[in-house]
1. Among Ala134, His97, Leu165, whose Cα lies farthest out toward the positive end of the dipole of the range 88-171, if unit charges sit on the beta carbon of Lys, Arg (+1) and Asp, Glu (-1)?
2. Counting only other residues whose beta carbon sits under 12 Å from that of Ser182, what net charge do I get with K and R as +1, D and E as -1?
3. Nearest-5 percent of antiparallel DSSP beta bridges in the range 1-126?
4. Using the 10 angstrom Cβ neighbour count as an exposure proxy, how do Leu193, Leu65, Leu98, Leu165 rank, fewest first?
5. If I take the Cα coordinates of the range 81-154 and project them onto the principal axes, what are the three extents in Å, biggest first?
6. Considering only C-alpha atoms, what is the centroid distance from the range 52-90 to the range 104-165, in Å?
7. Quick one: if the Förster radius is 22 Å, what FRET efficiency do His318 and Val197 give, using the C-beta to C-beta distance and rounding to 0.05?
8. Would you mind computing Rg(Cα) / (2.2 N^0.38 Å) for the chain, counting N as its residues?
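The numbers here are math on the coordinates, done by the rules we state, and not lab data. Everything numeric in this text was worked out from a predicted model, so none of it was measured. Reconstructed Cβ throughout: ideal geometry from the backbone, glycine too, with neighbour counts over all protein chains shown.
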Amino acid sequence: MEQRHLGRTGLRVSRIGLGTLTWGRDVDEHDAADLLKTFWDAGGTLVDTADVYGDGEAEYLLGRLMDGLVPRRDLVISTKAGSVPDPERRVDGSRGHLLAALDASLARLGTDYVDVWHIHAYDPATPLDETLQALDIAVGSGRVRYAGVSNFCGWQLAKAATWQLAAPGTRTRLASTQMEYSLLQRGVEREVLPAAVDLGIGLLPSSPLGRGVLSGKYRGDATPADSRGASDHLAPFVEPYLDDTASRIVDAVTTAADGLAVTALQVALAWVRDRPGVAAPIIGARNAQQLTAALSVEALSLPDEICRALDDVSAPVHRYPDHDWSTL
């Protein structure tokens with residue numbers, strides 16, 4: 001698999017990443033082992049997790065598999081901290097919480113460092129410089145090699161990255177940002193992606209298949225019994241992308257796939273993988289068969305005319321201040 005630099009850093013990652021959101025909940029240890037081995041055999045290196053995935057079970061499973069299945073040195077492990085299950089406070093970006101969460105993640109993963117550590121979300125109740133100091137401490141201690149953020153909007157990302165760049169050599173520059181991005185969700189193109197490109201930050205798109213909808217499995221009124229849409233806890237996650245607008249985009253993706261003699265999944269994944277500023281989409285698969293189907297996109301590059309057609313049919317409505325004010 002082709003390797004790409006993560007932002008403006010020397011770290012290279014596979015241009016497709018493996019996500020573990022459902023590990024320890026919907027994906028058991030046997031399936032997780034098959035997924036990781038399939039990914040590694042295909043040349044994949046970037047594995048993304050978080051301390052709250054499966055209440056920590058995802059990290060624990062990944063740690064066990066690195067211990068006996070795939071060498072730690074062959075993987076680029078990305079994890080996150082700051083998201084808290086407590087309904088009273090979903091995000092905690094305090095230095096104390098973040099560093100304690102990092103130590104707990106390292107223990108579950110069975111490693112003394114992670115390659116990339118992300119702040120899971122912006123915490124308006126904690127001074128941003130305190131949150132970012134946790135990144136500096138983690139990198140300075142050797143427990144983290146590269147740092148990033150997740151779910152920061154445009155101004156938050158720009159503020160954080162600029163703060164880190166203001167004292168080169170003493171603060172850790174941001175290597176990456178993880179945000180949802182697909183043909184069904186192009187909101188990052190408004191401010192986040194331009195900021196990331198300008199500041200040398202690599203984008204790691206989550207849900208690059210539109211939460212599974214871009215695979216075409218939900219066309220019409222279909223809801224496969226083994227799909228996320230049929231799951232009690234994931235159905236609300238999928239439901240926003242089952243409207244008429246999404247249906248038109250899925251139809252266009254399917255038409256493009258038919259014309260290229262490939263699958264809708266391959267078309268949707270190739271589109272986001274090759275967008276400017278994207279380092280590696282993070283894909284979540286339920287089993288090795290699904291993952292193999294996704295990884296087959298490696299040989300596919302979409303023709304320019306197909307990209308333009310998909311851009312047009314999925315284009316979000318951006319007016320002022322993005323639009324030329326003189327024409328308003």
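1. Going by the Cα projections, it comes out as Leu165.
2. Values: positive: Arg186, Arg211, Arg273, Arg275; negative: Glu180, Glu189.
Net local charge, Ser182 excluded: +2.
3. On the way: 4 of 14 bridges.
Within the range 1-126, antiparallel bridges account for around 30 percent of the total.
4. Leu165, Leu65, Leu193, Leu98
5. 31, 24, 20
6. Taking the Cα centre of each part, the range 52-90 and the range 104-165 sit 15 Å apart.
7. 0.85
8. Details: Rg = 19.3 Å, N = 328, 2.2 N^0.38 = 19.9 Å.
Compactness ratio reported: 0.97.
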